[in-house]
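A.B. asks: I'd like to ask some things about the structure below.
The values are calculated or read from the model by the stated rules, or taken from the named source; none is laboratory data. None of the values given here were measured: they were computed from a predicted structure. So basically every Cβ, Gly included, is an ideal-geometry build from the backbone, and we count neighbours across all protein chains shown. The area values use the complete protein model at the heavy-atom level, side chains included, leaving out ligands, DNA and RNA. Shrake-Rupley method; radii C 1.70, N 1.55, O 1.52, S 1.80 Å.
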Amino acid sequence: MHPARESAMPHLFQASAIGPLGLRNRLVKSATRENLADPAGRPTAASLNFYRRLAQGGAGLIVTGDAYVNRDGQSAPQQNGAHNREAIAAWRPMLEAVHEAGAALALQLTHGGRQTKPSVLGGRPAMAPSALPNLMYFHRPRAMTGADIRRTITDFGRAAAQAREAGFDAVQIHAAHGYLIAGFLSPLTTRRRGGWGG
């Protein structure tokens, strides 16, 4: 590469920003599911150690593992929860440790949709845009009603507001990998018509 062009390129370790959020560098730890939460979806001592080490290792921004916005959206045991104020408030020790180490922390919000096993939901069927078979988990989810959809939208908004109150620097909405929002976006997983699809 030409030296002049190389010097003009942003450096991986230079301070950066995403909108108003200042970051110490361009290193972002993407969301991964840690399965370190307690049965109520709250982070544990193992979670604290995990996030503290990431921040001390130099990440500029850390995105948490996916946190379900309501119990119908849980897709794995020991998954992070963002379904109530208590679960989100339990992140404060992680926030303090990450901020003390100089990094920022974003909470990833999700709803598992059809990508879950009924056993995780206490035997209840998973909810999805349409009642199409899930060939990965071998079950047929139930189609969401309009009331289910409106409640879930509200739950995403409530979780984002509570994350802000708790001190998170950002939220990330999980809309990939076949989870609920991705399910609404793909013709392979929705057959809805009208206001919620088509």
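A.B. asks: Of Leu61, Gln74, Gly167, whose Cα points farthest to the positive end of the dipole of the chain (charges on the beta-carbon: +1 Lys, Arg; -1 Asp, Glu; origin at the Cα centre)?
C.D. replies: Projecting each Cα onto the dipole axis, the largest value belongs to Gln74.
A.B. asks: If the elastic network links every pair of Cα atoms under 10 Å, which of Gly123, Gly41, Gly19 fluctuates the most in the Gaussian network model of the chain?
C.D. replies: Result for the chain, Cα springs under 10 Å: Gly19 fluctuates most.
A.B. asks: Counting only heavy atoms of the protein chains, get the accessible area per residue of segment 137-176 (1.4 Å probe) and round it to a whole Å² value.
C.D. replies: 55 Å²
A.B. asks: Rounded to the nearest percent, how much of the accessible area of the chain (1.4 Å probe, protein heavy atoms only) is carbon and sulfur?
C.D. replies: Values: 5880 of 10190 Å².
The C+S portion of the solvent-accessible surface of the chain is 58 percent.
A.B. asks: Counting only the heavy atoms of the protein chains, how much of Ser30 is accessible to a 1.4 Å probe, in Å² to the nearest 10?
C.D. replies: Here the accessible area works out near 80 Å².
A.B. asks: Here's another thing I want to ask about it. Treating the angle as unsigned and between 0 and 90°, give the value, to the nearest 10°, between the Cα long axis of helix 146-166 and the longest Cα principal axis of the chain.
C.D. replies: It works out to around 20 degrees.
A.B. asks: Provide the three semi-axes, in whole Å and in decreasing order, of the ellipsoid equivalent to segment 101-158 as defined by the square roots of 5 times the Cα gyration tensor eigenvalues.
C.D. replies: They are 26, 16, 9 Å, listed largest first.
A.B. asks: Moving to a separate point now. Based solely on its DSSP helices, what 222 nm [θ] is calculated for the chain when runs of n ≥ 4 H residues each add -39,500 (n - 2.57) and the sum is averaged over all residues, nearest 500 deg cm²/dmol?
C.D. replies: Result for the chain: -8500 deg cm²/dmol, rounded to the nearest 500.
A.B. asks: For segment 95-107, just list the computed ³J(HN,Hα) in residue order, Karplus coefficients 6.51, -1.76 and 1.60, θ = phi - 60°, integers in Hz, with x standing in for Gly and Pro.
C.D. replies: Those phi angles translate into 4, 4, 5, 5, 5, 4, 7, x, 9, 10, 10, 10, 9 Hz.
A.B. asks: Here is a follow-up. Quick one: plug the Kirkwood hydrodynamic radius of segment 74-198 (C-alpha pairs) into Stokes-Einstein at 37 °C, 0.692 mPa s, and report D in µm²/s.
C.D. replies: 210 µm²/s
A.B. asks: Probe of 1.4 angstrom, ligands and nucleic acids ignored: what's the accessible area per residue over segment 35-135, in square angstrom?
C.D. replies: 37 Å²
A.B. asks: Please find, in a Gaussian network model of the chain (springs between Cα atoms separated by less than 10 Å), the residue of Asn70, Asn80, Asn134 whose mean-square fluctuation is greatest.
C.D. replies: Asn134
A.B. asks: Taking the chain as a Gaussian network, where each spring joins two C-alpha atoms under 10 Å apart, which residue of Gln115, Gln172, Gln14 fluctuates the most?
C.D. replies: Taking springs between Cα atoms under 10 Å, the residue moving most is Gln14.
A.B. asks: Grab the eigenvalues of the alpha-carbon gyration tensor for segment 16-132, scale each by 5, take roots, and send me the semi-axes largest first in whole angstrom. Before the final figure, lay out each step's value.
C.D. replies: Details: eigenvalues 162, 48, 24 Å².
In descending order, the three semi-axes are 28, 15, 11 Å.
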